[in-house]
Amino acid sequence: MLLCLTRRADEAYRNEMPWLRVAQLDWGADLEQFRPGRRDGRFFFACGKTNRDYSPVLQAAESIPAPIHLVVHSAYLQGKDIASNVHVGHGSPDGMTDRGISYPELISRYYHHAIALLIPLKPIQDDTAGMTNLLEAMACGLPVIMTKSGALDLNLDQAGVGLYVEPGDENGWQMACNWILEHPDQARQMGDRGRKLVENHFNTQRLGSDLAIHFRRLLGDSFRRVDAK
């Protein structure tokens, strides 16, 4: 059995390998570890390195009247100019591991005090990069601004949990960040809806329950085959 994180992957395997048992399984965030903090709106922040493109955010930064914290090693910024309101730090010292900051510190210092989470991605349509980051922010009650991705099943517009920006769109990042700053009540409502979605479905409890169901089915089939012999 192959478990897929997206419907797109599920459909692709079913079409290419119709003999393979495939099931779609939504990812989840830990509700106890990731929970809303003060949400006092001190800064925008972004973290993560897989298929990230920080260039348009850096280009837009001077036109965004708020601090931006990039929790990533500077090597991933590819020598780009850093505006005075951008703080880069807490990334891993060697640029290849995640030893630079622990999850408890990431949550307490950033998720709990951010205006919104930024997820700038490269335009790779079949990649699920950013999904874990997205669910973490939703669990913490933060609105999300994210590069539009064709691979994730959760649609920010439809769910009302954040704003999309087109790949590489500097003006889009500026407009989205400024909209969040100018509409604090709507931004908080986005965060509240995100938390509710995680509580209702996108959480590790539901993920574990679904995994147990699939494993029971798989083991049941194995035992039946043994009995048949």
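Those residues that are assigned to a loop (DSSP other than H, G, I, E, B), open to solvent by less than 10 Å² (accessible area, probe 1.4 Å) and in contact with a Gly (Cβ under 7 Å, 6 or more places away or on another chain), I need them from region 138-156; list them, please.
Selection gives C140, G141, L142, P143.
Condition check: open to solvent by less than 10 Å² (accessible area, probe 1.4 Å) and not in a strand (DSSP E or B). Does L135 satisfy that?
Considered against the rule, which asks whether it is open to solvent by less than 10 Å² (accessible area, probe 1.4 Å) and not in a strand (DSSP E or B), L135 comes out as yes.
Give me the strands (runs of 3 or more DSSP E) completely within region 10-93, filtered to those with at least 1 residues that are touching an Asp or Glu at 6+ places or on another chain (Cβ under 7 Å), ordered by residue number.
Where strands (runs of 3 or more DSSP E) fall fully within region 10-93 and carry at least 1 residues being touching an Asp or Glu at 6+ places or on another chain (Cβ under 7 Å), they are 22-24.
Tell me, yes or no, whether region 180-196 has at least one residue that is farther than 19 Å from H112 by Cα, at pLDDT below 95 and among the charged types (D, E, K, R).
Scanning region 180-196, I find no residue that is farther than 19 Å from H112 by Cα, at pLDDT below 95 and among the charged types (D, E, K, R), so the answer is no.
What number of residues in region 157-190 are within 19 Å of P65 (Cα to Cα), out of contact with any Phe, Trp or Tyr (no Cβ under 7 Å at 6 or more places or on another chain) and part of a helix (DSSP H, G or I)?
17
Looking at (1) over 19 Å from Y76 (Cβ atoms); (2) open to solvent by 10 Å² or more (accessible area, probe 1.4 Å); (3) not in a helix (DSSP H, G or I), which one does A116 not meet, given that it meets all the others?
Going through the list (1) over 19 Å from Y76 (Cβ atoms); (2) open to solvent by 10 Å² or more (accessible area, probe 1.4 Å); (3) not in a helix (DSSP H, G or I), A116 breaks only (2).
Out of all the residues in region 95-113, is one or more farther than 26 Å from R195 by Cβ, modelled with pLDDT under 95, open to solvent by 60 Å² or more (accessible area, probe 1.4 Å) and aromatic (F, W, Y)?
No: region 95-113 contains no residue that is farther than 26 Å from R195 by Cβ, modelled with pLDDT under 95, open to solvent by 60 Å² or more (accessible area, probe 1.4 Å) and aromatic (F, W, Y).
With the condition kept exactly as written, say whether any residue in region 191-205 is open to solvent by less than 50 Å² (accessible area, probe 1.4 Å), outside any helix (DSSP H, G or I) and out of contact with any Asp or Glu (no Cβ under 8 Å at 6 or more places or on another chain).
For region 191-205, residues open to solvent by less than 50 Å² (accessible area, probe 1.4 Å), outside any helix (DSSP H, G or I) and out of contact with any Asp or Glu (no Cβ under 8 Å at 6 or more places or on another chain): absent.
Given the structure, is V57 in contact (Cβ under 8 Å) with a residue 60 or more places away in the chain, open to solvent by less than 70 Å² (accessible area, probe 1.4 Å) and touching a helix residue (DSSP H, G or I) at 6+ places or on another chain (Cβ under 7 Å)?
Considered against the rule, which asks whether it is in contact (Cβ under 8 Å) with a residue 60 or more places away in the chain, open to solvent by less than 70 Å² (accessible area, probe 1.4 Å) and touching a helix residue (DSSP H, G or I) at 6+ places or on another chain (Cβ under 7 Å), V57 comes out as yes.
Under 6 Å between Cβ atoms, which residue pairs at least 6 apart in sequence (or on different chains) link something in region 29-43 that is under 12 Å from F202 (Cα atoms) with a partner that is buried (at least 17 other Cβ atoms within 10 Å of the Cβ) and among the hydroxyl-bearing types (S, T, Y)?
Going by the 6 Å Cβ cut-off, the qualifying pairs are D30/T204.
The values are calculated or read from the model by the stated rules, or taken from the named source; none is laboratory data. Nothing here was measured: the structure is a model prediction, and the numbers come from that model. Here Cβ is always computed from backbone atoms with ideal geometry, including for glycine, and neighbour counts include all displayed protein chains. We work out accessible area using only protein heavy atoms, side chains counted, and drop any ligands, DNA or RNA first. Shrake-Rupley method; radii C 1.70, N 1.55, O 1.52, S 1.80 Å.
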